[in-house]
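Worksheet: the structure to be examined is printed underneath.
The values are calculated or read from the model by the stated rules, or taken from the named source; none is laboratory data. Quantities reported herein were computed from a predicted structural model and do not represent experimental measurements. Heads up, the Cβs are rebuilt from the backbone with ideal geometry, glycines too, and the neighbour counts pull from every protein chain shown. What goes into the accessible areas is simple: the full protein's heavy atoms, side chains included, and nothing from ligands, DNA or RNA. Shrake-Rupley method; radii C 1.70, N 1.55, O 1.52, S 1.80 Å.
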Amino acid sequence: RIQILFEENEVEERHSSGLTSYLFTMDTMDTMVDVDYYVSVDGLQWSPGQIPVKWVTIPLVFWSLLYCIITKLLENRCYIKIKDKTQKVLRFSPEYCCRLVTFIHGLVVTTISAGLHIKHGPVWDNLGLDNKPIHNLVLVISFGYFIFDFLWCCYMRSEGMAMLAHHVVSLFGLFYSSYYQQYGAEVTAVCFGAEITNPILQTRWFLREHNLYNHTVGPPVVMVTV
């Protein structure tokens with residue numbers, strides 16, 4: 001229960017979709033302050049200056065296990081890649097499995113971030129606010145994924161310095177917001193903008209690998225990406 005007292009102020013309490021919102025009409029300042037109390041996710045709110053170890057390890061283990069499960073499911077279903085239009089090469093690709101994980105991460109993060117910002121509007125009027133549990137949820141999901149993908153790239157040696165630098169910068173931003181418990185709204189907005197094209201890019205790669213990327217399918221995919 002939250003009790004907030006403002007002298008000579010009108011207090012209106014609303015309940016909708018599990019969200020309790022308190023509106024205070026300030027008689028003296030001729031302005032309105034909208035204070036939102038988000039539904040708490042157990043454990044996803046912590047003090048600045050720390051990150052609970054479990055919220056680093058749980059997402060990392062989840063993405064790693066998902067990769068292992070996909071690898072196990074696909075190891076006996078090698079796909080066909082046409083080489084020089086004459087030679088058929090049967091091969092199992094770890095990159096194929098990793099891109100499936102990337103595809104799922106992109107869908108999850110963009111869905112949560114889009115729902116968050118559609119529900120609560122733009123964040124650019126009040127920068128640097130404290131993180132809410134829903135912000136921390138997006139942060140830990142992406143933080144665990146980028147650790148997994150960075151380690152995978154280093155182990156497989158499949159990417160150049162540009163992609164590794166991209167991972168390091170992303171990890172730094174996610175760590176900073178999680179550690180200091182600020183800028184959660186801004187970082188989740190950036191995650192949405194950065195990841196929204198990822199599922200489409202992965203779809204284009206899958207189509208090419210299965211030799212389905214032609215003049216009929218290719219242009220619509222490119223247009224959707226743009």
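Quick look at the numbers
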{"quantity": "Residues located in segment 62-76, provided they are free of Cβ contacts under 8 Å to residues at least 40 places away in the same chain and open to solvent by 40 Å² or more (accessible area, probe 1.4 Å)", "calculated": "Leu65, Cys68, Ile69, Lys72, Leu73, Leu74, Glu75, Asn76"}
{"quantity": "Qualifying residue in segment 125-141 (condition: surrounded by fewer than 20 Cβ atoms within 10 Å (Cβ to Cβ), without any contact (Cβ under 8 Å) to a residue 24 or more places away in the chain and out of contact with any helix residue (DSSP H, G or I) (no Cβ under 9 Å at 6 or more places or on another chain))", "calculated": "yes"}
{"quantity": "Any hit, segment 112-122, residues being in contact with a Phe, Trp or Tyr (Cβ under 7 Å, 6 or more places away or on another chain) and within 24 Å of Ile58 (Cα to Cα)", "calculated": "yes"}
{"quantity": "Residue match in segment 64-79 (condition: modelled with pLDDT under 85, on the phi > 0 side of the Ramachandran plot and not basic (Lys, Arg))", "calculated": "no"}
{"quantity": "Meets criteria (assigned to a helix (DSSP H, G or I) and farther than 17 Å from Val108 by Cα) for Phe146", "calculated": "no"}
{"quantity": "Test result for Val39, modelled with pLDDT under 80, under 25 Å from Asp125 (Cα atoms), more than 22 Å from the chain's Cα centre (by Cα) and not basic (Lys, Arg)", "calculated": "no"}
{"quantity": "Verdict on Lys85 being in a strand (DSSP E or B) and either closer than 18 Å to Pro59 by Cβ or modelled with pLDDT under 75 (or both)", "calculated": "no"}
